[in-house]
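Working notes, beginning with the structure itself.
The values are calculated or read from the model by the stated rules, or taken from the named source; none is laboratory data. Predicted, not measured: the structure shown is a model, and the values here were computed from it. Note: ideal-geometry Cβ built from the backbone for every residue, glycine included; neighbour counts use all protein chains shown. These accessible areas exclude ligands, DNA and RNA; they are computed on the full protein's heavy atoms, side chains included. Shrake-Rupley method; radii C 1.70, N 1.55, O 1.52, S 1.80 Å.
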Amino acid sequence: MEISLDGKVALVTGGASGIGRGIAEMFAELGAAVMIGDLDMELAEEACAGIVEASGKAIVQELDVTSEESVGAAFERAVSELGGVDILVNSAGTGCMSALDELIVEEWDMVIDVNLKGSFLCMREAAKLMKEKGSGNIINVSSINDTVPIAGEIPYCASKGGVRQMTRAAALELGPYGIHVNCISPGSIQTPLMFEMHEIPEIREGILRQIPFGRLGQPEDVAKVAVFLVSDLADYVTGHTLEVGGGMHLVGEMSYLWPIERIMGNEVPDVPICQPPNAPEEE
Ligand SMILES: NC(=O)c1ccc[n+]([C@@H]2O[C@H](COP(=O)([O-])OP(=O)(O)OC[C@H]3O[C@@H](n4cnc5c(N)ncnc54)[C@H](O)[C@@H]3O)[C@@H](O)[C@H]2O)c1
């Protein structure tokens, strides 16, 4: 079966970089008209130029997913310039590392706002259009940390757990209108979000030991699953979360960031009981 997204319009938040960019590029390659919505306009323009150069259709939209006005404007433009939104991918995301007792409210708000509220605001606008049309596809990008906890990343884990469950509730609510809502939970993917960590050999090795397939993921690994989810192959699939991490979610020992923090030179609590058996060895 050949997969074509001809005639479809996809809005990809966080589409300027990493996973969102990989998805935007693959969707465009398959014929979709793509709106790249992102805060980073320089990167968004670069991503868009790449798609257009490869004969794809794309436009950029300055977008802050935490702002109702900004999200509203993006959907309005998608309707007026591209004819609607058939596919929404919520990939814009962020995180912060901090021990719970040092976590400041601004950090908490920032992570929850971008990852959880941002996905909600975009889903809400998409639902209005898709209900009217009687069809549509929404993909939320969560993280394996939606179920596998990480010490030192409580807001991130909370936001992604929320995204996973929000996906299920929205799928239940929107199913009767012919709208698919699914979630992708990536493992450790080589994107700018992770470059710093992946470049430190001890951390890279530590992460690799937790991936049964033995390699880091690429944005294309996630994009292929996104294509599956919006294709006819997944016609009968909704409310599902697909882990895309080479089996990393099965290992679950990424739960401890303290060894990583130590390698990065940050002060962390002395909690030997929390050391996973395969944590990078301390000097
Ligand atoms: N890379 C990984 O290993 C990994 C693992 C699990 C989950 N994820 C999730 O995948 C998604 C994409 O991450 P990535 O690795 O591609 O990161 P990335 O940093 O490469 O891309 C994220 C993009 O989101 C944009 N963005 C941030 N805040 C925004 C806002 N308020 N409004 C609009 N755009 C905003 C950034 O400008 C950036 O272009 C995130 O939700 C992330 O949590 C990534």
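Summary table below
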{"item": "Subset of segment 100-111 [open to solvent by 20 Å² or more (accessible area, probe 1.4 Å) and either hydrophobic (A, V, I, L, M, F, W, C) or modelled with pLDDT under 95 (or both)]", "result": "100, 101, 102, 103, 104, 105, 108, 110"}
{"item": "Hits in segment 69-96 (condition: closer than 20 Å to residue 4 by Cβ and open to solvent by 40 Å² or more (accessible area, probe 1.4 Å))", "result": "83"}
{"item": "Residues of segment 74-83 that turn out to be more than 21 Å from the chain's Cα centre (by Cα), touching a residue at least 12 places away in the same chain (Cβ under 8 Å) and outside any loop (DSSP other than H, G, I, E, B), as a count", "result": "4"}
{"item": "Failed item, numbered, when residue 128 is tested on (1) surrounded by fewer than 17 Cβ atoms within 10 Å (Cβ to Cβ); (2) at pLDDT 95 or above; (3) within 16 Å of the ligand (Cβ to nearest atom)", "result": "(3)"}
{"item": "Of all residues in segment 148-161 being within 12 Å of the ligand (Cβ to nearest atom) and not charged (D, E, K, R), the one that is modelled with the lowest pLDDT", "result": "150"}
{"item": "Unmet criterion (only one of (1) within 10 Å of the ligand (Cβ to nearest atom); (2) open to solvent by 70 Å² or more (accessible area, probe 1.4 Å)) for residue 114", "result": "(2)"}
